[in-house]
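The values are calculated or read from the model by the stated rules, or taken from the named source; none is laboratory data. Keep in mind it's a predicted model, so treat the numbers as computed, not measured. A quick note on method: Cβ atoms are made from the backbone with ideal geometry, for glycine too, and the neighbour counts reach across all protein chains shown. For accessibility, only protein heavy atoms count, side chains too; no ligands or nucleic acids. Shrake-Rupley method; radii C 1.70, N 1.55, O 1.52, S 1.80 Å.
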Amino acid sequence: MEKTQYIVALEIGSSKIVGAIAEKSPTGYVSVNHLEEQKLSNCVRYGCIQNVENTKNAINRILKMLSNSVDGLITDVYVGINARSVHSEATEVTRNLDSSIQITDAMIDKIVKSTHDVFKGYELIDVVPRAYYVDGISTKTPGGQFGSKIDIKLNQIEARPNIKLNLERVMSATVKVRQYLVTPLVTAEEILKPDELSLGCMLVDIGAETTSVAIYKNNALQYLTTLPLGGRNLTLDLVNGLQIMEETAERVKKNINNPLDPAHAEDIIIDGVHSKKASEYISARMGEIIVNINRQITNAGLTNDDLRSVVLIGGGSALQGLPEKVNEVTKINVRRGSYPSTLNILDHTINKPEYIEVFSLLAKGAELIPEGATCLERRSYEPEGPQFNIPVNSQPSSDTAGSDNRRSQQQEQQQQQQKKKRSFFNGFKRHLDSLLSENDIEDNDDEEKDE
């Protein structure tokens, strides 16, 4: 009988680490019901791990809670990479071929992986093809064709070396990594619609300290960058401008009715803060972030008319009125993203925009994990004391049933014989007692006569 496969994923952000487990049934059905998070303070900055020890301890706590939730032991995980310096670099590779030999997918994969034209100071994380040309003719499926030359346009995904180095230091002290995944690319693949990928779409993930922008068109990644701006910038502006605690600023930011339109914001008091005044700080900073997001379309070599939609995800995307403000600046249709359609979120309390990234990692892990493999082993318990091979709910054989009946009859006969013996001795005792009593009476009568 096939067993349920467990997929475990970790997403390490600047404000918190999130871990989750998905169960993949033998039929391919994937469900999520266990998610844990640990808040961080100055352990991760702009997505890059700064304090290895504290981050390691936080991950260990998450793994322990997840393991206990399913009574198992986590053996390996999928880990997302999403930090300040993660970006794409367009490049192209050309190879001359033997025209008599058919091009295969394995051949193309080898050519793609051989690309190492990395800019100084950066490390190659992944390579993502954009377009293929066989003898100068564009094609989406070069595998199976014949030709004398192949050109492949690529996006190299790069980052500062310390991003992955510190991540590996942490993970080597916690649990085995099954695979590192570039979070923005995985999320785009899992939540963007086919027509968005084809006609043009910009996925914007607004986190605590970074905002990643991934632009797709013609079913391929065209551009990826990570901005050093996020939701925490809004919070810190309130802290510095209004002289309040960061916790108070967070509550104010989340509870203003119209934070991006100060002219129409409702002027109420939230934790001693005038909401109208707070909205002035929030709208100014978010306006700066939106302008920077819009600028990435030009940096990608495209125009706003080349894109049909903008999809917003991440904790910072929950700000009220944000889709309308982004639409106002970009003139592109805007929607908020939701978790991957291939997953079933069993616990509605964890269905939040801030968890879409880890859900996407789970969905991708469910696609990548080999048949029969799992990220978690269920615990097995050995019963204490001597064990007997006693069949449960089984029907006795005819020989066994007959032997049992004969044994029962013999026991009944023995009990009846014991009862008869007890009756005989009891009767004899009563008879003897009565004779003795009569003799005592006769002796007493004779004594009275003699007197």
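How much area per residue is accessible in segment 33-164 when the probe is 1.4 Å and only protein heavy atoms are counted (Å²)? Please report the intermediate quantities before stating the final value.
Numbers: 6710 Å² over 132 residues.
I get 51 Å² per residue for segment 33-164.
Hey, what's the Cα Rg ratio for segment 246-318 versus the globular rule of thumb, 2.2 N^0.38 Å?
Dividing the Cα radius of gyration by 2.2 N^0.38 Å gives 1.36.
Note on Asn304 and Ala90: the model spin-label points, each 7 Å out from Cα along the C-beta direction, lie 2.1 nm apart. Rolling a 1.4 Å probe over the protein heavy atoms of segment 1-148, with every protein chain left in place, gives an accessible area that is 48 percent carbon and sulfur.
I want the local charge near Tyr6. Using Cβ-Cβ distances under 11 Å, sum +1 for each Lys or Arg and -1 for each Asp or Glu among the other residues. Don't jump to the answer; show the numbers that get you there.
On the way: positive: Lys3, Lys24, Arg378; negative: Glu23, Asp76, Glu377.
Its environment carries a net charge of 0.
What is the calculated FRET efficiency for Asp71 to Ser172, with r their C-beta to C-beta distance and R₀ = 35 Å, to the nearest 0.05? Once rounded, the FRET efficiency stands at 0.85. For Phe119, the accessible surface of its heavy atoms amounts to roughly 110 Å² (probe 1.4 Å, protein chains only, rounded to the nearest 10). Please list, by residue number, everything in segment 284-314 whose backbone N is under 20 Å from a paramagnetic label point 7 Å out along Cα→Cβ of Ser198. From segment 284-314, the list is 305-311.
Which number comes out as Rg/Rh for segment 187-285 once both Rg and the Kirkwood Rh are worked out on C-alpha atoms? Spell out each step's value before the answer.
Working: Rg = 17.2 Å, Rh = 15.1 Å.
Across segment 187-285, the Cα-based Rg/Rh ratio is 1.13.
With the largest listed first and rounded to whole Å, the semi-axes of the equivalent ellipsoid of segment 270-379 from the Cα gyration tensor are 34, 22, 11. Dipole of segment 1-137 computed with +1 at Lys/Arg Cβ and -1 at Asp/Glu Cβ about the Cα centre; of Val79, Ile49, Ala106, farthest Cα towards the positive end is Ile49. The largest accessible area among Arg61, Arg285 belongs to the first residue in Arg61, Arg285, and the rest follow in falling order (1.4 Å probe, all chains). Considering only Met245, Met202, Asn233, the residue lying farthest towards the positive end of the dipole of segment 199-256 is Met202, judged by Cα position with unit charges set on Cβ.
Could you tell me the calculated FRET efficiency between Glu247 and Lys277, based on Cβ-Cβ distance and R0 = 25 angstrom, to the nearest 0.05? Step by step, r from the Cβ atoms, then E = 0.85. Percent of Cα pairs in segment 132-234 per distance bin of 5 Å, from zero to the largest separation: 2, 10, 15, 15, 17, 16, 11, 7, 4, 2, 0, 0. Stretched out straight at 0.36 nm per residue, the stretch from Asn57 to Leu165 would grow longer than its current Cα-Cα span by 37.1 nm.
Relative contact order of segment 178-271: what whole-number percent is it, with Cα pairs under 8 angstrom and at least 6 residues apart?
Working: 116 pairs, mean separation 15.3, N = 94.
Relative CO of segment 178-271 lands at 16 percent.
Other residues whose C-beta falls under 14 angstrom from the C-beta of Ala363 contribute a net charge of -4, scoring Lys and Arg +1 and Asp and Glu -1.
All Cα-Cα separations within segment 37-126 were binned at 5 Å from zero, giving a P(r) of 2, 9, 14, 14, 12, 11, 10, 11, 8, 4, 4, 1, 0, each value a whole percent of the pairs. Summing Lys and Arg as +1 and Asp and Glu as -1 over all other residues whose Cβ lies under 10 Å from the Cβ of Glu190 gives a net charge of -2.
Return the tail of the calculated pair distribution for segment 1-155, meaning the percent of Cα-Cα pairs more than 24 Å apart. The answer is 57 percent, as a whole percent. For Ser148, the accessible area of its heavy atoms, probed at 1.4 Å with every protein chain present, is near 60 square angstrom. Heavy-atom accessible area with a 1.4 Å probe sorts Tyr78, Tyr180, largest first, into Tyr180, Tyr78.
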